[in-house]
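Chemist: Would you mind keeping the following structure in view while I ask a few things?
The values are calculated or read from the model by the stated rules, or taken from the named source; none is laboratory data. Please read these numbers as outputs of a predicted model, since none were measured by experiment. In this analysis, Cβ positions are derived from the backbone assuming ideal geometry, glycine residues included, and neighbour counts consider all displayed protein chains. Note: areas computed on protein heavy atoms with side chains; ligands, DNA, RNA excluded. Shrake-Rupley method; radii C 1.70, N 1.55, O 1.52, S 1.80 Å.
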Amino acid sequence: MCSLEQFKIDLKGLTRDETPLEWDLDDTFFEQLDSPLLQQGSVHVSGSIRKASGFYELLLDCAGTVTVPCDRCLDPMEQPVEASLRQVVKLGTEHTDDDDVITVDEADGCLDTAWLIYEAIALAVPIQHVHQPGDCNVLMSEKLQKLSAARSSDADAKDAVDPRWAALEKLRVKN
């Protein structure tokens with residue numbers, strides 16, 4: 001079982017200038033975050049957190065696959081993802097709205113990286129995800145073709161001009 005506690009980094013407890021980080025994410029990680037976009041996957045995360053004067057620099061690389069619904073047939077499909085994350089973190093008492101720097105409460109001193117990792121992976125998923133040709137659900141593909149054919153015939157019927165309007169159009173052109 002994956003516990004999200006392992007993704008919390010005690011910034012005040014870091015003893016070295018650079019601390020290596022490594023996690024293997026599985027389905028339980030995505031289930032515990034309870035987000036509708038990604039609910040399954042297998043992703044390896046590696047990187048480090050570097051301690052500098054007045055701030056910390058978090059560098060992470062993510063590579064693996066996540067399961068997303070196909071945009072055509074809605075069946076699950078595996079989508080390869082690769083993401084990199086660079087985040088500057090500082091300890092402080094005031095929250096800032098700066099997206100480039102995360103301020104962690106100095107009293108707590110603990111950075112939760114679980115959501116940062118999830119967001120990096122979610123942003124690496126392409127906007128459109130579709131099975132390779134021939135891999136989509138056959139029944140769904142047939143229904144889509146039928147609906148598409150019906151829709152195009154309806155559009156053709158709408159494009160046909162009523163003969164009364166055609167006669168009026170001839171009058172307009174003459175004048």
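Chemist: Over the chain, with every protein chain in place, what whole percent of the accessible area is carbon and sulfur at 1.4 Å, could you tell me? All intermediate terms of the calculation are to be shown ahead of the outcome.
Modeler: Details: 6090 of 11890 Å².
Accessible surface attributable to carbon and sulfur in the chain totals 51 percent.
Chemist: Which listed residue (N137, A124, A63) has the Cα farthest towards the positive end of the charge dipole for the chain, taking +1 on Lys and Arg C-beta and -1 on Asp and Glu C-beta about the Cα centre?
Modeler: N137
Chemist: Taking the Cα centre as origin and putting +1 on Lys and Arg beta-carbons and -1 on Asp and Glu beta-carbons, what dipole magnitude results for the chain, to the nearest 20 debye? Mind showing how you got there, number by number?
Modeler: On the way: 16 positive and 33 negative charges, 278 e Å.
Roughly 1340 debye, rounded to the nearest 20.
Chemist: Send over a whole-number figure in Å² for the accessible area per residue of the chain, probe 1.4 Å.
Modeler: Details: 11890 Å² over 175 residues.
Accessible surface, normalised per residue, equals 68 Å².
Chemist: State the answer as a single residue: which of L21, L171, Q87 lies farthest towards the positive end of the charge dipole of the chain, with beta carbon charges of +1 for Lys and Arg and -1 for Asp and Glu, about the Cα centre.
Modeler: Checked the options; the winner is L171.
Chemist: Considering the convex hull of the alpha carbon atoms of the chain, report its projected area averaged over all viewing directions, in nm², one decimal.
Modeler: On the way: hull surface 73.7 nm².
Averaged projected area of the chain's Cα convex hull equals 18.4 nm².
Chemist: Can you give me the convex hull volume of the Cα atoms of the stretch 6-72, divided per residue and expressed in Å³? Walk me through the numbers on the way to the answer.
Modeler: Numbers: hull volume 7.3 nm³, N = 67.
Expressed per residue, the convex hull around the Cα atoms of the stretch 6-72 is 108 Å³.
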